[in-house]
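Remarks on the structure that follows.
The values are calculated or read from the model by the stated rules, or taken from the named source; none is laboratory data. These numbers were taken from a predicted model, which means no experiment stands behind them. Cβ: placed from backbone, ideal geometry, glycine included. Neighbour counts: every protein chain shown.
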Amino acid sequence: MRLVLLGPPGAGKGTQGEALAHRYGVTHISSGELFRQQIAADTPLGRQVRQYLADGLLVPDDLVFDLIGAAVSQSVASAGGYVLDGFPRTLAQAERAHDMAAQAGVVADAVVLLVLPDDIARQRVLGRADGADGRIDDHDRAVIDRRLAVYHAETEPLIDFYQRRGVLATIDASGTPEQVTSAAIEAIQRLAPAR
Ligand code: AP5
Ligand code: MG
């Protein structure tokens with residue numbers, strides 16, 4: 001199974017990414033998590049991307065593709081699929097990723113769009129800020145608002161991109177995590193019955 005998760009900050013891409021990767025026996029690849037690992041390990045890449053994450057801005061594409069490309073190749077080789085969370089995030093990324101995946105014969109079977117109103121998304125992110133999982137981009141309301149604005153401006157155009165390819169499953173992400181997972185699995189089943 002090859003899946004892409006789309007949705008605003010706090011929509012549950014990470015939560016559903018874990019659950020769906022477990023369900024289909026593939027690897028959950030979170031681009032944000034990969035960057036945070038690089039930052040925590042203080043690698044050269046980590047030092048280059050840190051400020052973008054802290055400000056809630058997108059990391060430039062040339063710093064995104066190497067990391068994600070390697071993770072996707074590894075996951076396809078070891079598990080036969082992937083659940084991508086947080087990538088692609090711009091039309092340019094989606095087009096380039098689609099070309100690369102088509103060449104390798106590993107185009108996504110389904111793209112799960114997690115729909116959540118901004119006010120609930122904000123509450124979820126702020127809720128996490130107080131816990132042990134709090135991130136550098138979770139505390140400042142202006143940064144959370146910028147992440148939402150970047151999503152609406154840069155990532156929402158992907159909805160049309162995937163809809164036109166007939167792979168989009170639109171899911172209400174406001175229920176419990178279990179309800180969202182069930183709805184996603186049902187929709188994926190309809191899109192990719194052979195999987
Ligand atoms: P990224 O890490 O992808 O962050 P994000 O998109 O802002 O999303 P979050 O991780 O905050 O939310 P989520 O949708 O994963 O929800 P979660 O399951 O955690 O990206 C961070 C940064 O990295 C970007 O700003 C950018 O700088 C950079 N970056 C990443 N990818 C990039 C790319 N491709 N190109 C350029 N730059 C890139 O849930 C959130 C909270 O809600 C949790 O506490 C969770 O427990 C809770 N929750 C989840 N589901 C539910 C539910 N159903 N009900 C109640 N609570 C729930
Ligand atoms: Mg996440």
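Number of residues in region 39-80 that are within 11 Å of ligand 1 (Cβ to nearest atom), of a type outside the set (D, E, K, R) and under 18 Å from residue 93 (Cβ atoms) equals 13.
Out of all the residues in region 116-133, is one or more under 17 Å from the mean Cα position of the chain (by Cα) and free of Cβ contacts under 8 Å to residues at least 24 places away in the same chain? No, that holds for no residue.
Would you say residue 16 is within 11 Å of ligand 1 (Cβ to nearest atom), surrounded by fewer than 16 Cβ atoms within 10 Å (Cβ to Cβ) and within 28 Å of residue 118 (Cα to Cα)? Taking the combined requirement at face value, the residue does not satisfy it.
Here's the yes/no breakdown for (1) in contact with a Pro (Cβ under 8 Å, 6 or more places away or on another chain); (2) in contact (Cβ under 8 Å) with a residue 12 or more places away in the chain:
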| site | (1), (2) |
| --- | --- |
| 3 | no, yes |
| 10 | no, yes |
| 38 | no, yes |
| 44 | no, no |
| 58 | no, yes |
| 63 | no, yes |
| 85 | no, yes |
| 94 | yes, yes |
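Would you mind finding the one in 190, 195, 147, 164 that is basic (Lys, Arg) and closer than 29 Å to residue 38 by Cα?
Exactly one of 190, 195, 147, 164 is basic (Lys, Arg) and closer than 29 Å to residue 38 by Cα, namely 147.
Just one residue in the set 83, 107, 59, 76 is within 16 Å of ligand 2 (Cβ to nearest atom) and surrounded by fewer than 20 Cβ atoms within 10 Å (Cβ to Cβ); that residue is 59.
For residue 127, the criteria (1) modelled with pLDDT under 95; (2) within 21 Å of residue 148 (Cβ to Cβ); (3) in a loop (DSSP other than H, G, I, E, B); (4) not acidic (Asp, Glu) hold in every case but one, which is (3). Residue count for region 19-52 satisfying the condition of being near ligand 2 (Cβ under 10 Å from one of its atoms) and surrounded by fewer than 20 Cβ atoms within 10 Å (Cβ to Cβ): 3.
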